[in-house]
Structure formats: C-alpha cells, structure tokens
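Participant: First, the structure itself, so that you have it in front of you.
FYI, it's all coordinate maths here, none of it is from the lab. Model, not experiment: these values are computed from the prediction. Cβ placement follows ideal geometry from the backbone for every residue including glycine, while neighbour counts extend to all protein chains displayed.
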Ligand SMILES: Cc1cc2nc3c(=O)[nH]c(=O)nc-3n(C[C@H](O)[C@H](O)[C@H](O)COP(=O)(O)OP(=O)(O)OC[C@H]3O[C@@H](n4cnc5c(N)ncnc54)[C@H](O)[C@@H]3O)c2cc1C
C-alpha cells in the first residue's frame, strides 16, 4: 500500500497533522520511536490551550488517541532511511520494514542532553520532567515564582546565563552549576556580575531525592547543592538526519529551513522554490519550542499536504 502521507514523529506537530489529514480521509501513517519529551513528562503543563494543568504524558496520549480515532495508523519504529521523490517515497525502519508514501512530513523534533551523573545521563532520567526539574524558559518560568533555583549548565557557560536571565523575573534566586563549558565571554561575564549570579563549578556524582523530586545534587568534591528547583540548560540538536538524506536546506543550527506553511527546499534553493512532496513541522523547524506552536505548524503543513494531494488527484468522495 502507498500512503497519501507518512509522518515521521508522533509529537504534537506530527499528531496534529495526522488528525487533520485523517479527518480529510487521507491514508496516513505516523511512525515514532518514542524519544520525544512529552511521553516522559509527568509534570503538568500550563500553557497548552484545552490542556491546562494536564501532564505532558496525558496530553500526548490524548492527541494520539484522537489521530487514531480519526483514522491515522500509528507505528512504533525508528526510521533510518528515506528516499524517493514526490509521489513515490520509500521509508525504511531499523527493523527493515519498508513503507511507501506519496508525501512525507518530517516532525522529528529536537534532542536534548540531560545532566551527567557520575558520567552517565541515565541516573538523571527518573527526575527529568518528573517533579522539580525544568527545561523550557518560555514554557515554564512562571512555575519558578519565588523559588531558589540552580541552573545546571550542560552545554556552554554563556548559554546557561542566557537561559537563566529570563528565569530571574520569577525565581527568588539563581545559582549556576556549570558541569560542561566553564568559561564566559566577557559580555556574558558582565551580565553575570550585574545580576549577581553565583557560579558553582563541578561534576554531579550523585542525586539525592525520591519520586522525581531532587533534594540535593552531590558533587564530586562532596559539596551538596540544594535548591527548590533545578533548571537544565541543555544544547538542543534538531533531529535532521532524514532531512539530510533528502538533501534539504538546514539552518546554521541544523533546523530544517521551511516556508511558513512548512514547505521545504533543497540545499541551495531559494525561498519559493519549494521541494514537492516534503514538508516539515514542529521543533525541527527554526521556531520557538512549544506544544501549541508545534501543533499549529503541523496543522498548517497538513492543510498544505491535503491541498497538494487534491490538486494532484482530485477525489469525488460524496457519491
Ligand atoms: C521537559 C520539557 C518540558 C516542556 N514543557 C513544555 C510546556 O510546559 N509547554 C510547552 O508548550 N512546551 C513544553 N515543552 C516543549 C514541547 O514539549 C515541544 O515544543 C514539543 O513537544 C515539540 O513537538 P514536536 O512534535 O515538534 O516534537 P517532539 O515532541 O519532540 O516529537 C518528535 C517525535 O519524533 C520522533 N522521532 C524523531 N526522529 C525519529 C525517527 N528517525 N524515527 C521515528 N521517530 C522519530 C521522536 O521519537 C518524537 O516522539 C517542554 C519540553 C521539555 C523537554
């Protein structure tokens, strides 16, 4: 079977697109390997219309169920290869299963690093988005109101300050724990001093806490770092491997460059010279990373895909 559309990624972008396309009676397959943030987010989200106070895991389950109910098929798997052109794409999973589609939507999101604990990110996972850890200043900073916060720098020292500054509007105090990059550019050092941000240098050796709540980070030198909440300042890497296989144009930071309706273009092509049959949506585009924005961009891409398919092969479903 050749699907009208294969969507890679079942985050808010991919599922919102799947819902629209399935509702419009397109055959849609969504493939996902479950590495997005929401299935692991046990804390409530406060800025997603229709879902305020709902946990990330519940929001994404609900979106999945709605897309499936509308007629989309959801397949668990890791897409390793994509090839072909408009009307005839081939997508291969790690399991070697192959699927075919007329159009594709890349909604693969971004990857984030968690802090290392004794050299491994695994011990941090029981706490990541489970209780008092935070990752997204635009989404979560009001939750820090009146709290004493440690920003854990997992990437560059300058990025840690850049992410800490907006949190200062809400937090009672902020300290920076730099576990990776240690040096500030002079302009960032000036800002650090101006805002009286204390810096702790060190590696995390162990976490004290339970049920997703961190009570202290124990550093290699034995120091005990306590706070009400821990904000993770982590580099974000767009998951662009499939886009690279299709030779799509990427931004400097590796996001897929798109038109505002999610259209993509080949490397070196000018805006307007969009690639037929391939769209991108969500965090993998250069845009603010939020659930509603991802869902909205998935929706507009799906509208475009549906209109494209209509033009290619008009249907007469009413008779
Ligand atoms: C801890 C945390 C808290 C957050 N809190 C908020 C909040 O309160 N409010 C808010 O608005 N936003 C929040 N965000 C941001 C929000 O979660 C993202 O902006 C949103 O999930 C992006 O949606 P997306 O569909 O673009 O990508 P994602 O949700 O990342 O989904 C992409 C999907 O693609 C899949 N995938 C990637 N590559 C492949 C492949 N090769 N094969 C198969 N599957 C693949 C992944 O498994 C993943 O499921 C938070 C993010 C984090 C990390």
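Participant: Within segment 1-17, name every residue whose backbone N is under 18 Å away from a label modeled 7 Å from Cα of residue 100 along the Cβ vector.
Facilitator: In segment 1-17, the label zone of residue 100 (backbone N under 18 Å from the point 7 Å along Cα→Cβ) covers 1-7.
Participant: I've got another one for you. Could you order the peptides 12-19, 129-136 from most to least packed, using the average number of other C-beta atoms within 10 Å per residue? Could the numbers behind the result be given before it?
Facilitator: On the way: 12-19: 30.9, 129-136: 19.9.
The peptides rank, most packed first, as 12-19, 129-136.
Participant: Principal axis lengths of segment 114-233 from Cα atoms, whole Å, largest first?
Facilitator: 37, 29, 20
Participant: Now for a different question. Post the alpha-carbon centroid distance, segment 62-110 to segment 175-210, in whole angstrom.
Facilitator: 41 Å
Participant: Related question: Please give the FRET efficiency for residue 271 paired with residue 122, using the beta carbon to beta carbon distance and R0 = 45 Å, rounded to the nearest 0.05. Walk me through the numbers on the way to the answer.
Facilitator: Details: r = 42 Å, r/R0 = 0.94.
Efficiency computed from Cβ-Cβ geometry: 0.60.
Participant: Angle, helix 157-167 long axis vs. longest principal axis of the chain, Cα atoms, 0 to 90°, nearest 10?
Facilitator: 90 degrees
Participant: Test of understanding: what is the full-extension gain from residue 47 to residue 261, defined as 0.36 nm times their sequence separation minus their Cα-Cα distance? If you can, show how the numbers build up before the last one.
Facilitator: Numbers: separation 214, 0.36 × 214 = 77.04 nm, distance 2.30 nm.
Stretched fully, the residue 47-residue 261 segment lengthens by 74.7 nm.
Participant: Using only Cα atoms, figure out Rg for segment 12-54 and give it as a multiple of 2.2 N^0.38 Å.
Facilitator: Rounded to two decimals, the normalised Rg is 1.41.
Participant: Going by how many other beta carbons lie within 10 Å of each one, how would you line up 217, 266, fewest first?
Facilitator: Values: 217 27, 266 13.
Ordered by Cβ neighbours within 10 Å, fewest first: 266, 217.
Participant: Starting from the exponent 0.38 and prefactor 2.2 Å, build the expected Rg for segment 209-299 from its residue count and divide its actual Cα Rg by it.
Facilitator: Compared with the compact-globule rule of thumb, segment 209-299 sits at 1.58.
Participant: Among 252, 75, 220, which comes first, then next, by fewest other beta-carbon atoms within 10 Å?
Facilitator: Values: 252 7, 75 16, 220 11.
Fewest to most other Cβ atoms nearby, the residues stand as 252, 220, 75.
Participant: Over the chain, how many percent of alpha carbon pairs lie in each 20 Å bin up to the one with the longest distance?
Facilitator: Distribution as computed: 31, 51, 17, 1 percent.
Participant: I've got another one for you. How much FRET efficiency would the formula 1/(1 + (r/R0)^6) give for residue 220 and residue 78, where r is the Cβ-Cβ distance and R0 is 35 Å, rounded to 0.05?
Facilitator: Details: r = 35 Å, r/R0 = 0.99.
Result of the calculation: an efficiency of 0.50.
Participant: Averaging the inverse of every distinct alpha carbon separation and then flipping it gives the Kirkwood radius. What is it for segment 85-156, in angstrom units?
Facilitator: 16.3 Å
Participant: Points 7 angstrom from Cα along the Cβ direction at residue 85 and residue 195: gap in nanometres?
Facilitator: Output for this residue pair reads 5.0 nm.
Participant: Roughly what angle does helix 12-23 make with the longest principal axis of the chain, taking Cα atoms, 0 to 90 degrees, to the nearest 10?
Facilitator: Between the helix axis and the principal axis of the chain, the angle is about 20 degrees.
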